[in-house]
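Throughout, read-outs are computed from the coordinates displayed, never taken from laboratory work. No experiment lies behind these values; they were computed from the predicted model shown. Cβ: placed from backbone, ideal geometry, glycine included. Neighbour counts: every protein chain shown.
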């Protein structure tokens, strides 16, 4: 299967979440950093609009030839898609700082 490179764009919302949950960084540097990580395939989960890129969870969508990161859940080893499904089934929620609450 051929690798298709998409141009990355990070939404203002995702950038703000990244700065709060991971580290402060300007959006241009963050975009370049994430683009390089994508090009290097530095992810261990990439399904159903979620990607665990270099240890950071993102929600994305594709628009034309652009991959847009629209939400950042932060740096965690927790399986965010599973945790969100579990929380929804059990009418609970996920605390990104302390796990399930």
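Relative to the longest principal axis of the C-alpha atoms of the chain, give the angle of the C-alpha long axis of helix 27-39, reported between 0 and 90° and rounded to the nearest 10°. With both axes taken from Cα atoms, the answer is about 80 degrees.
One decimal place: the segment residue 66-residue 92 gains 6.0 nm when fully extended, by the rule 0.36 nm per residue minus the C-alpha distance.
Relative contact order, whole percent, for the chain stands at 26, derived from Cα pairs under 8 Å and 6 or more residues apart. Counting only DSSP beta bridges whose two residues both lie in the chain, roughly 80 percent are antiparallel.
On a 0 to 90° scale, report how tilted helix 80-89 is relative to the longest principal axis of the chain, with both axes built from alpha carbons and the result rounded to the nearest 10. Orientation of helix 80-89: about 40 degrees from the principal axis.
Per-residue packing, averaged as other Cβ atoms within 10 Å, sorts the ranges 84-93, 8-17, 22-31 into the order 8-17, 22-31, 84-93, beginning with the highest. This ranking places 62, 69, 50, 6 by how few other beta-carbon atoms lie within 10 Å of each, fewest first, which gives 62, 6, 50, 69. Ordering 19, 72 from the fewest to the most neighbouring beta carbons within 10 Å gives 19, 72. Helices in the chain, meaning DSSP H runs of at least 4 residues, each add -39500 (n - 2.57). Divided by all residues, the mean residue ellipticity at 222 nm is -10000 deg cm²/dmol.
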